[in-house]
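One structure follows; several queries about it will come next.
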There are 8 protein chains.
Amino acid sequence: MGERIWKVYLAGEIHSDWRERIEAGAREAGLPVEFTAPVTDHPASDAAGTGTLGEEAEAFWRDHKGAGVNAIRTQTLIRAADLVVVRFGVRYRQWNAAFDAGLAAALGKPIVTVHDPDLDHALKEVDRAAQATARDSEQVVDVLRYVIAGQLPRS
Amino acid sequence: MGERIWKVYLAGEIHSDWRERIEAGAREAGLPVEFTAPVTDHPASDAAGTGTLGEEAEAFWRDHKGAGVNAIRTQTLIRAADLVVVRFGVRYRQWNAAFDAGLAAALGKPIVTVHDPDLDHALKEVDRAAQATARDSEQVVDVLRYVIAGQLPRS
Amino acid sequence: MGERIWKVYLAGEIHSDWRERIEAGAREAGLPVEFTAPVTDHPASDAAGTGTLGEEAEAFWRDHKGAGVNAIRTQTLIRAADLVVVRFGVRYRQWNAAFDAGLAAALGKPIVTVHDPDLDHALKEVDRAAQATARDSEQVVDVLRYVIAGQLPRS
Amino acid sequence: MGERIWKVYLAGEIHSDWRERIEAGAREAGLPVEFTAPVTDHPASDAAGTGTLGEEAEAFWRDHKGAGVNAIRTQTLIRAADLVVVRFGVRYRQWNAAFDAGLAAALGKPIVTVHDPDLDHALKEVDRAAQATARDSEQVVDVLRYVIAGQLPRS
Amino acid sequence: MGERIWKVYLAGEIHSDWRERIEAGAREAGLPVEFTAPVTDHPASDAAGTGTLGEEAEAFWRDHKGAGVNAIRTQTLIRAADLVVVRFGVRYRQWNAAFDAGLAAALGKPIVTVHDPDLDHALKEVDRAAQATARDSEQVVDVLRYVIAGQLPRS
Amino acid sequence: MGERIWKVYLAGEIHSDWRERIEAGAREAGLPVEFTAPVTDHPASDAAGTGTLGEEAEAFWRDHKGAGVNAIRTQTLIRAADLVVVRFGVRYRQWNAAFDAGLAAALGKPIVTVHDPDLDHALKEVDRAAQATARDSEQVVDVLRYVIAGQLPRS
Amino acid sequence: MGERIWKVYLAGEIHSDWRERIEAGAREAGLPVEFTAPVTDHPASDAAGTGTLGEEAEAFWRDHKGAGVNAIRTQTLIRAADLVVVRFGVRYRQWNAAFDAGLAAALGKPIVTVHDPDLDHALKEVDRAAQATARDSEQVVDVLRYVIAGQLPRS
Amino acid sequence: MGERIWKVYLAGEIHSDWRERIEAGAREAGLPVEFTAPVTDHPASDAAGTGTLGEEAEAFWRDHKGAGVNAIRTQTLIRAADLVVVRFGVRYRQWNAAFDAGLAAALGKPIVTVHDPDLDHALKEVDRAAQATARDSEQVVDVLRYVIAGQLPRS
């Protein structure tokens, strides 16, 4: 089973190092995973449209243009993924994270949500559509190790 | 063309009368629309699981149980809809609204978002996946009248 | 919303009156539901193939022939359903009930399982794929009343 | 045709060496097959949720949590498979095996069931949805050799 | 269950009264079925293209044109059907009947084949993809009566 | 067969009376057809976005907004149609007509194209994806009469 | 573009060397194609079921068993193919070839049929669903060379 | 993320060097992209049918034959693509480009259109279905660099 490369898309929060911690943990565990993600450089992401296709006078269309370019990346990688991990942070509304989860659910992709307990009530619909809810990146690594290699953390 | 009944699902915010205003406007315009929606009685919605299937000791599973029962309704009606209208209010995080939009997008349903301009930047990914962004219920009625009956508002 | 007829398929156990109790409860609650089910007359079901297409010498092919004819009914009705309710009784292995649940899950149909707590561990995979697990027909009626009419049982 | 790697998922019974015998037989026959399977370490499988995401007070939710984590693995591998082999043993109810078969059927995957003749009547619906019913691992290897290499067993 | 109208498409042979006998039998049994079929007037069918869209000099394109127009009807009705019955007669090659069966199989429609035993070997692949193989129209009516009304023929 | 209502979407050219002639012909022939179409009032169509959702400063976004609102109608009706008829006139580029044909083809809808012979070479890819190419509305009526009622024009 | 390997399934007639001629021609032309096919050893194919899963007393079920095992191979390879070539010879009825074509059509696979002109009328429905009709293996190679490498035969 | 090869199909105009400029730009930027395209040799493309499958007397069928052979290539490559770029030039009607865009849209593929501003109004429906509209090949390269590598052009 060692040959199979699992494709895992890491959606959501872009203001903490949660992705790096998952990637480091998976590497350390020797798991055959190929991680993908949205562009996590916030200013670059906001300029995705105007920086490639030219300026826009109005904020709405600037955002629209950027969201279109970003969607090429995010939706392609979600469709190609075996598993979608979605992290909700305490700051920002992160509607795009919830949107990605809805997209993944309708495409039949398994979902792992990651967030603190105080967001539980607000995220109940998204958590219900997920196969697992983790509290931090370490738990996500534990889930990946079990799912891919069949091993539980030694305790 | 008068015979076709359009099925429109009204997702999102449950703390204002935006749905009633769309329904009243559509009725007034004589449009053949059948509206559906989630259960909008907030306490009932929160008790959807425990009120039907029995109490739960822990908050997480109480929400989980309720979200499961609510999903039977919402996902069935979204799948049956021709058009999904999603309203984001200024209060609450409304991740379920964004989740519903992601689900609708992946199912190939056209989407109309409804929200104030100050949410534009935060909702840019959802708006990009929509066919139209309206500012209020009256504009949604105008869109429905045009889409269904081919008529623009007289000005 | 009164016009929408919900199509509910009642899969699984055929040796108790659980279906009749759901149907009676839904009728009493005035819910617009159209129930469908497999043929629940056990001897007729076992003779579905040989009784229509001629005798078979071997038991395996007799069952095979009957299962084919029954599948025309069950799979058509599951595909046409909005919701699939699956009841597991304590007697018999009821692999066809679990098979129907797997089929429904892959088709994106919401599922409600119904069984006693002592089957919980054995049914955990099926329950996980369901939106709700009920203990009896009365709870199923409560779920239907909430899902369709937005009403919780008065207590 | 030698380059094609066939992906075969081995679902069902986890208390005998039937998988190892198929894998050994396929290796011996030089067949280009990549086998996948659920986690077959029973205690690990039962602890899949609590061992990775934290303890649960109630048995129902403990199972629910574990089934969610296991489903990430099983459903991903079933969706990726060319062929699903499902073994039913005489012990245990193995509803998850029948559930996997239903899932595979709706996804258009060919199925081979494996079981003793005394389970024939109980498994008739699942067998009918399968392309073949084998009695033991050796017959499964014979089917794989024919399907992949076009060779029948020498007798 | 009386309200459900079953849609049955009758594909294949057009040189005997097998369709009329099924329709008469279903009517007599009071079954709620709506039958559809290809155009069974052979000369009209052969002229479907040239009779509507103008003459063609070459036989190949004459047939091509006709087959296109006929396909509008047949493929639309097969896609709309709950069940596809395919009759193979002893005369003619009837490749279109086998083609329709392949189409129906890939669309997930249940199939009932109807033919004499001496065609069994030649039709084994098509029969294998079907849920049932009947020998005559009376058996098809028996299958329909069982599938729709749950009744076996009295004997 | 008289009960089936065929849903036919009339895409393309909006500057001639070709739709009215098809509708009149079908009515005269007593065919059970429900026709749908884009909004064919050119100025209204161009103002679909700004007339319902507010003015736009730039032409590109004005068109974008209008095209979004029009797409709600056109794509919903194409998805609901049994058959898509696409007319290409000699004026204008009508890329939206070809786009609609591509959409219909990928959705598995049968297509009838309608255009003069001097557009044959330019439209060869679209015609190849269609089941029939007609020269005028009268031929489309003849095709509909054959497809729905099995009758060829008397000559 | 040299890296893309095209997957071509060669369905139909098994009593002539038409496959070998296509494979030799493609090899000679240096085309990156991976050919797949049903088991073309006729006696082996007829014994596919009984030779792997045990004898059957009745001819019908012997064929049924064999057809099931063969379907694992053929339907998997058709689903994996980019292009399906279907050859109809003058002998035998080859309903399985037409069935494969129907399957491929519903799965959205392009089809090339290969047969002599005297089968044109009988095969008109299958030819209409194909993208091309060739008369011999050499023409199929010419089509492959054009489709893959963009080159026409020098004449 | 370096391992992922993006598959980009370049549809539309065949009379300028726009494809070469995108390919050169992507190569220069070191992007892991595999480009595919229709056959861009115009005379070869027009002779795709007759050059491989034999002459045709009538222009309509000559085109039909060629369009069928070309469709094997274009539709296979569009279905295999992650992203479809469609260029509309000022000359020719290029209905096939718009058709390809419609096909891609219904298949859920992201689209980038490329054209001059004076085609904006005529292409508004196609642009609306696209994720981005570029003005030249350099902008397409900028979009690819951002989408694949997360980098904006330095300015």
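Each value in this text was obtained by applying a stated rule to the coordinates, not by laboratory testing. The shown structure was predicted, so the numbers you read here are calculated from the model rather than taken from an experiment. All Cβ positions, glycine included, derive from the backbone under ideal geometry; neighbour counts span all protein chains shown.
Bin all alpha-carbon pair distances of chain G at 10 Å intervals from 0 and give each bin's fraction as a whole percent.
10, 39, 34, 14, 3, 0
To the nearest Å, what is the center-to-center distance of segment A:102-146 and segment H:120-150, using C-alpha atoms only?
Cα centres, segment A:102-146 to segment H:120-150: 33 Å.
Provide, for q = 0.08 Å⁻¹, the log10 of I(q)/I(0) from a solvent-free Debye sum over equal Cα point scatterers in the protein assembly as shown.
Per q value, in the given order, log10 I(q)/I(0) is -0.94.
Considering every residue in E:72-84, what mean count of other chain Cβ atoms within 10 Å of its Cβ is obtained?
On the way: counts 15, 10, 3, 9, 12, 4, 2, 5, 2, 1, 7, 3, 0.
Counting other chains' Cβ atoms within 10 Å and averaging over E:72-84 gives 6.
Restricting to Cα atoms and excluding each atom paired with itself, what does the Kirkwood estimate give for segment B:96-155 in Å? Walk me through the numbers on the way to the answer.
Values: mean 1/r = 0.0810 Å⁻¹.
Its Kirkwood hydrodynamic radius stands at 12.4 Å.
When the C-alpha atoms of segment G:11-70 are aligned to their principal axes, what extent does each axis show, in angstrom, from largest down?
49, 20, 14
Quick check for me: using +1 on Lys/Arg Cβ and -1 on Asp/Glu Cβ, what's the dipole size of chain G about its Cα centre, in debye to the nearest 20?
Values: 18 positive and 23 negative charges, 92 e Å.
With only Lys, Arg, Asp and Glu charged at Cβ, the dipole is about 440 debye.
Please give every one of the lysines within straight-line cross-link reach of D:Lys65, meaning a C-alpha to C-alpha distance under 18 Å, and leave out same-chain neighbours fewer than 8 residues apart.
Excluding near neighbours in sequence, the set is A:Lys109, A:Lys124, B:Lys65, C:Lys124.
Ignore the peptide's own chain and count Cβ atoms of other chains within 10 Å of each Cβ in C:107-119; give me the average, rounded. Write out the running numbers ahead of the final one.
On the way: counts 5, 8, 5, 9, 2, 4, 0, 0, 0, 0, 2, 0, 2.
Whole-number average of other-chain Cβ neighbours for C:107-119 is 3.
Okay, next question. Just to compare against my own numbers: the Cα pair-distance distribution for segment G:32-114, 10 Å bins, whole % per bin, please.
16, 45, 30, 8, 0
I've got another one for you. How large is ³J(HN,Hα) for each residue in segment F:106-121, as worked out from phi by the Karplus curve 6.51 cos²θ - 1.76 cosθ + 1.60 (θ = phi - 60°), to whole Hz, x for Gly and Pro?
5, 7, x, 7, x, 10, 10, 8, 9, 6, 6, x, 6, 9, 3, 5
To the nearest 20 Debye, how big is the dipole of segment F:70-155 about its Cα centre, given +1 on the beta carbon of each Lys and Arg and -1 on that of each Asp and Glu?
Values: 11 positive and 10 negative charges, 49 e Å.
Roughly 240 debye, rounded to the nearest 20.
What's the angle, to the nearest 10 degrees (0 to 90), between helix F:18-28's Cα axis and the longest principal axis of chain F?
Between helix and principal axis, roughly 40 degrees.
Considering only chain E, pick the residue with its Cβ nearest the axis of the rotation onto chain A, and state the distance in whole Å.
Closest Cβ on chain E to the axis mapping it onto A, in Å: E:Gly108, 8.
Taking each residue in D:138-146, count the Cβ atoms of any other chain within 10 Å of its Cβ, then average. What number comes out?
On the way: counts 1, 3, 2, 1, 5, 9, 2, 1, 14.
For peptide D:138-146, the averaged partner shielding equals 4.
What's the center-to-center distance, using Cα atoms, between segment G:25-50 and segment H:31-101 in Å?
Segment G:25-50 and segment H:31-101 have Cα centres spaced 29 Å from each other.
If the only charges are +1 at each Lys and Arg Cβ and -1 at each Asp and Glu Cβ, what is the size of the charge dipole of the protein assembly as shown around the Cα centre, to the nearest 20 debye? Each step should come with its number before you reach the end.
On the way: 144 positive and 184 negative charges, 1 e Å.
Dipole about the Cα centre, nearest 20: 0 debye.
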